Structures are given as C-alpha cells and as structure tokens.
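**Q** Here it is, the structure in full.
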Amino acid sequence: MSNQSMSFKGLRLLVVDDDRDTRTLLTFLFELEGAEIITAASAGDAIEIMSFFKPDILISDIYLPDENGCSLLIKLRNLEAKRGRKIPAIALTASAFDEDRNRALLAGYDIYRCKPIDLDDLSSTVASLVMLEEYA
C-alpha cells in the first residue's frame, strides 16, 4: 500500500469471494481505514446478508461455488431497486478472459479487476465509486 491513507469511515462494503485469503485481506484493508465490511463465501450467503446489511459498495468474485457473480449482481440490484438504491459493484476475479469481462460489465458491474489484487488501485477505485455516488 502507498503511504497515502484513505479514510473509508462510515463506508459499508459487502465482499463476496469463496477465497478466504481474499476476504481476510479486503477486510483488513478496509477496516483499517474505517469501513464496515461484511464478507460472504457464496452468493446465497450474500443474498441473506442483504436482508440486514445495506452496503454502499459490492466487491464480488465472478466464479462462486453456488452461483455466477453476474447473476448474483442482478439479484442484488433487484433487491436494492425495491429499496430505491443502486449499489456500485466491482468484479474482482482471477479470470482475465475478455468474455468474462464483457459478461460482467453487461451484467452491470461498474468496474472489472483481475487478481492478484493491487490494493492501491482497489482503494482508489472504491473511493472513485463512492465519489460518483455522492454526486449522482
């Protein structure tokens, strides 16, 4: 991480990834900067979490054990539309295939990033999405 610290105080993130190390890393990164973060290892867990947690940002893997991340995003966006909200979403995946990138962006992900994670880039991307939403 760079020496420049970003504050994510008050920001609520939902991270969906079946890789425990990714969930742990992102939890550490964003909690360190003041965010509230809840993680899920599957799409089913993420949908359940949405019943009590209203995230400001979704960061999700595309290949989940129980469902594709693209169909998960569509379900979450439909849930949020009923609440009058739209969650910005980042696809964070190990897949560098153009077809996966195109599918994710067509499903509604705002940003597509490949693993391994560049923490500075991810932090900046989250900050940019938050700024866009504040002025939307």
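The values are calculated or read from the model by the stated rules, or taken from the named source; none is laboratory data. The structure displayed is predicted, hence computed values, not measured ones. A quick note on method: Cβ atoms are made from the backbone with ideal geometry, for glycine too, and the neighbour counts reach across all protein chains shown.
**Q** Looking only at the range 105-120, decide whether some residue is surrounded by fewer than 18 Cβ atoms within 10 Å (Cβ to Cβ), in contact (Cβ under 8 Å) with a residue 40 or more places away in the chain and not in a loop (DSSP other than H, G, I, E, B).
**A** yes
**Q** Pairs please, first residue from the range 14-28 and farther than 13 Å from K115 by Cβ, second anywhere and surrounded by fewer than 16 Cβ atoms within 10 Å (Cβ to Cβ), Cβ atoms under 7 Å, 6+ apart in sequence or on different chains.
**A** That search, which allows pairs on different chains as well, returns L14/F53.
**Q** Counting only residues that are closer than 17 Å to A104 by Cα and at pLDDT below 95, give me the helices (runs of 4 or more DSSP H) lying completely in the range 16-83 with at least 1 of them. Before you say what the answer is, go through the steps one by one.
**A** On the way: elements: 20-32, 43-49, 69-82.
Passing ranges, in order: 69-82.
**Q** Taking the condition polar (S, T, N, Q), under 13 Å from the mean Cα position of the chain (by Cα), closer than 21 Å to M6 by Cα and surrounded by 14 or more Cβ atoms within 10 Å (Cβ to Cβ), does T27 pass?
**A** The answer is yes for T27.
**Q** Please tell me if A89 is free of Cβ contacts under 8 Å to residues at least 24 places away in the same chain, closer than 17 Å to I111 by Cβ and either more than 10 Å from the chain's Cα centre (by Cα) or buried (at least 16 other Cβ atoms within 10 Å of the Cβ) (or both).
**A** no
**Q** Run D66 past the list (1) closer than 23 Å to F8 by Cα; (2) of a type in the set (D, E); (3) exposed (fewer than 14 other Cβ atoms within 10 Å of the Cβ) and report the number of the one that doesn't hold.
**A** Every listed condition holds for D66 apart from (1).
**Q** Of everything in the range 90-107 that's at pLDDT 95 or above and touching a Lys or Arg at 6+ places or on another chain (Cβ under 8 Å), which residue is farthest from L58 (Cα to Cα)?
**A** Filtering the range 90-107 for residues that are at pLDDT 95 or above and touching a Lys or Arg at 6+ places or on another chain (Cβ under 8 Å), the one farthest from L58 (Cα to Cα) comes out as A91.
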